[in-house]
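Undergrad: Pasting in a structure now, in structure tokens, and then I'll have a few things to ask.
The values are calculated or read from the model by the stated rules, or taken from the named source; none is laboratory data. Note that the structure is a prediction, hence the values are computed from the model and not measured. Note that we place each Cβ from the backbone using ideal geometry, even for glycine, and neighbour counts take in every protein chain shown.
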């Protein structure tokens, strides 16, 4: 019976992979993504596709009007997701925990957990909604053993100075969908580059919170400004340079 269930799950994952086009390594823009209005505000599809380990991978930009809420229903067979707050504050209800969080804060939601996000502020709130499903069958036991879904308040992240700015480690753990999810935030001072162009097997997203940068992606150089995100495929040559006059701040997200 267990083998039958696993076979069905793998077949579904393979079908999903076949339907999703591979993501292109490039800069994706919050500002220019098409907007769709809804009863809670609006949303925009920033990108959607597949990758080396993910059968479906999408990032949406969500705008939540004052007084409105979004509920992510519990679905053990659904997406794993995390949210990164672009402009807050918002109130997050996760299991028995209630958190008020603002810009830069993050929420990791494992499949099967119910979460709601409410805008109790005076202005429209915005956040990135990152949804994904692995090619391999979901491993709920691995996800539970690694820890529960969580909310991390930006103001509680530990800042560690570096020679080029500073860094904040967010998480480095296994999840239901992933063997490893590593998220940290880098502040890169004006005029500096992160490192010499390099490659790695893990795919990566760089999500720009502040500043103006130029990103090398393969043989190309593309501009990335506050609100933009960069998708980097496996083994794609890359680095990032701060071309502004102030520090740039960005999330660096890798997984396998």
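Undergrad: Limited to the range 77-103, what total is found for residues that are assigned to a loop (DSSP other than H, G, I, E, B) and buried (at least 22 other Cβ atoms within 10 Å of the Cβ)?
TA: The number of residues fulfilling the criteria is 1.
Undergrad: Another question, then. I'm checking my understanding of the structure. Among residues of the range 54-76 that are out of contact with any strand residue (DSSP E or B) (no Cβ under 6 Å at 6 or more places or on another chain) and within 19 Å of residue 176 (Cα to Cα), which one is surrounded by the most Cβ atoms within 10 Å (Cβ to Cβ)?
TA: Looking at residues that are out of contact with any strand residue (DSSP E or B) (no Cβ under 6 Å at 6 or more places or on another chain) and within 19 Å of residue 176 (Cα to Cα), I get 74.
Undergrad: Would you be able to say whether some residue in the range 142-158 is under 22 Å from residue 240 (Cβ atoms), modelled with pLDDT of 95 or more and surrounded by fewer than 17 Cβ atoms within 10 Å (Cβ to Cβ)?
TA: No: zero hits.
Undergrad: Next question. Mind listing just one residue for me: the one in the range 159-180 that is part of a strand (DSSP E or B) and touching a helix residue (DSSP H, G or I) at 6+ places or on another chain (Cβ under 9 Å) and, of those, surrounded by the fewest Cβ atoms within 10 Å (Cβ to Cβ)?
TA: Top of the filtered list is 173.
Undergrad: Given 175, 186, which one is in the same structural domain as residue 212 (by TED's automatic domain parsing) and closer than 20 Å to residue 113 by Cα? Quick ask: steps written out before the conclusion?
TA: Working: 186 fails: closer than 20 Å to residue 113 by Cα.
The unique qualifying residue is 175.
Undergrad: Okay, moving on. Is it the case that residue 235 is out of contact with any strand residue (DSSP E or B) (no Cβ under 7 Å at 6 or more places or on another chain), assigned to a loop (DSSP other than H, G, I, E, B) and without any contact (Cβ under 8 Å) to a residue 40 or more places away in the chain?
TA: Judged against the criteria, residue 235 is a match.
Undergrad: Given the residues 213, 190, which is the only one that is within 25 Å of residue 236 (Cα to Cα), assigned to a loop (DSSP other than H, G, I, E, B) and in contact with a strand residue (DSSP E or B) (Cβ under 9 Å, 6 or more places away or on another chain)?
TA: 190
Undergrad: Criterion first (under 14 Å from residue 70 (Cα atoms) and modelled with pLDDT of 95 or more) does residue 98 satisfy it?
TA: No, not satisfied.
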